[in-house]
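In what follows, a structure is listed as structure tokens, so that the remarks can point back to it.
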Amino acid sequence: MYVLSLAGLDPSGGAGVLVDVKVFSLLGLKGGGIPTALTLQNTSVFKGWVPIDLDYFKEALQMVFSDLPVTGVKIGMVGACEVLEILVFYLRKYRQQLLAVVYDPVLKATLNHPLFSSEEFLDLVKRELLPLLDFITPNLYEASLLTGKEIKTEEDLEKTAKTLLEYGCKQVVITGYQKKNKIYDYFFSKEEKIPLGKKRLSLEFHGTGCAFSSSLLSFLVKGFPPFSAFKKAKNWLYLYLKKASVQPLGGKICLFL
Ligand code: PLP
């Protein structure tokens with residue numbers, strides 16, 4: 001099976017398209033990736049990003065989709081409206097052949113830099129991208145930015161997820177809700193709300209959102225139903241991170257893949 005990541009390029013390999021392809025490979029899938037944006041960062045500083053060349057992006061999508069049997073797409077940082085418009089065009093064109101589409105709306109870098117161009121970008125995501133998705137996997141900050149709702153309580157989480165589902169996305173996972181000494185990710189569909197908690201790990205990792213969403217896509221295309229795929233992705237990542245926390249590489253934030 002072949003899957004595709006459309007996400008930002010982080011030259012350190014800690015997040016974005018490079019991490020996604022490593023996850024596909026670890027989970028036994030073949031995969032490719034097309035960068036949506038080029039970031040300048042390492043594990044200590046984030047300097048900035050530029051959108052990918054639009055003609056290159058269009059042609060790369062055309063070449064991959066016309067040549068390979070793409071069965072799933074993971075979308076990460078998109079950055080600019082023009083890139084998102086092209087991505088949506090190709091997603092609509094090939095949606096029927098895709099078993100799953102997962103979007104991790106990366107809106108801020110781990111080192112705190114904004115990764116989207118404007119308010120208009122958020123409107124486009126809601127109007128054009130959400131109706132094409134099986135899953136969106138925002139953290140609290142991203143979910144709040146996309147819906148304009150403050151998230152403090154579990155009720156707020158539920159209202160936020162409901163809004164995202166109303167835009168047409170089939171399932172929502174909101175990540176990173178802290179309760180006592182555990183971090184919870186909440187799975188929502190029209191019928192269900194299921195929290196899954198794990199103990200916080202001691203190191204701050206880079207790229208965990210990317211790895212979670214690409215493993216979720218991998219389990220979905222392998223045929224697991226939505227909630228099982230979510231649970232499997234979360235457990236797989238947690239075990240992988242626990243193994244990785246032995247010897248950190250780099251500066252402020254840890255690479256684990
Ligand atoms: N994608 C890119 C290109 C990034 O630069 C970042 C963070 O800096 C992310 C994704 C998000 O990383 P995380 O998975 O840690 O949220």
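The values are calculated or read from the model by the stated rules, or taken from the named source; none is laboratory data. Since this is a predicted model, take the numbers as computed values, not measurements. Every residue, glycine as well, gets a Cβ built from its backbone with ideal geometry; the counts of neighbours run over all protein chains shown.
Residue pairs whose Cβ atoms lie under 6 Å apart, separated by 6 or more positions or on different chains, with the first residue in the stretch 207-219 and modelled with pLDDT of 95 or more and among the basic types (Lys, Arg) and the second surrounded by fewer than 24 Cβ atoms within 10 Å (Cβ to Cβ) and part of a helix (DSSP H, G or I), do not occur.
Of the set (1) surrounded by fewer than 21 Cβ atoms within 10 Å (Cβ to Cβ); (2) closer than 27 Å to TYR2 by Cβ, all apply to SER118 but (2). If you go through the stretch 242-253 one residue at a time, do you hit one that is under 18 Å from the mean Cα position of the chain (by Cα) and charged (D, E, K, R)? No, every residue in the stretch 242-253 fails to be under 18 Å from the mean Cα position of the chain (by Cα) and charged (D, E, K, R).
Just one of the listed residues (LEU255, LEU239, LEU249) is exposed (fewer than 14 other Cβ atoms within 10 Å of the Cβ), farther than 26 Å from ILE151 by Cβ and either within 16 Å of the ligand (Cβ to nearest atom) or touching a residue at least 60 places away in the same chain (Cβ under 8 Å) (or both), and it is LEU249. Within the stretch 187-221, the set of residues being part of a strand (DSSP E or B) and of a type in the set (Gly, Ala, Ser) comprises GLY197 only. Screening PHE205, PHE188, PHE219 for residues that are of a type outside the set (Lys, Arg) and farther than 25 Å from GLY8 by Cα leaves exactly one candidate, PHE188. Residues in the stretch 14-32 that are within 11 Å of the ligand (Cβ to nearest atom) and either part of a strand (DSSP E or B) or out of contact with any helix residue (DSSP H, G or I) (no Cβ under 7 Å at 6 or more places or on another chain) (or both): GLY14, VAL17, LEU18.
Could we say that GLY33 is under 21 Å from TRP236 (Cβ atoms) and buried (at least 17 other Cβ atoms within 10 Å of the Cβ) here? Yes: the conditions hold for GLY33. Pairs are defined by a Cβ separation below 9 Å, a sequence spacing of at least 6 or placement on different chains, a first member in the stretch 89-106 that is closer than 11 Å to ASP134 by Cα and at pLDDT 95 or above, and a second member that is polar (S, T, N, Q) and surrounded by 21 or more Cβ atoms within 10 Å (Cβ to Cβ); the pairs so defined are VAL102/THR137; VAL102/SER213; VAL102/SER214; TYR103/THR137; TYR103/SER213.
In this entry, GLU155 passes the filter for residues that are more than 16 Å from the ligand (Cβ to nearest atom) and not in a strand (DSSP E or B). Test GLY72 against the criterion of being without any contact (Cβ under 8 Å) to a residue 40 or more places away in the chain, under 25 Å from LYS234 (Cα atoms) and touching a helix residue (DSSP H, G or I) at 6+ places or on another chain (Cβ under 6 Å), and give yes or no. Judged against the criteria, GLY72 is not a match. Restricting the first member to the stretch 4-32 and to residues that are within 12 Å of LYS74 (Cα to Cα), and the second to residues that are modelled with pLDDT under 95 and surrounded by 24 or more Cβ atoms within 10 Å (Cβ to Cβ), the beta-carbon pairs closer than 6 Å and six or more apart or on different chains are VAL19/GLY207. Of all residues in the stretch 179-221, those satisfying the criterion of being within 16 Å of the ligand (Cβ to nearest atom), surrounded by fewer than 22 Cβ atoms within 10 Å (Cβ to Cβ) and over 13 Å from LEU237 (Cβ atoms) are ARG200, LEU203, GLU204. GLN171 - would you say it is within 17 Å of the chain's Cα centre (by Cα) and either farther than 29 Å from GLN41 by Cα or small (Gly, Ala, Ser) (or both)? Against the criterion (within 17 Å of the chain's Cα centre (by Cα) and either farther than 29 Å from GLN41 by Cα or small (Gly, Ala, Ser) (or both)), GLN171 qualifies.
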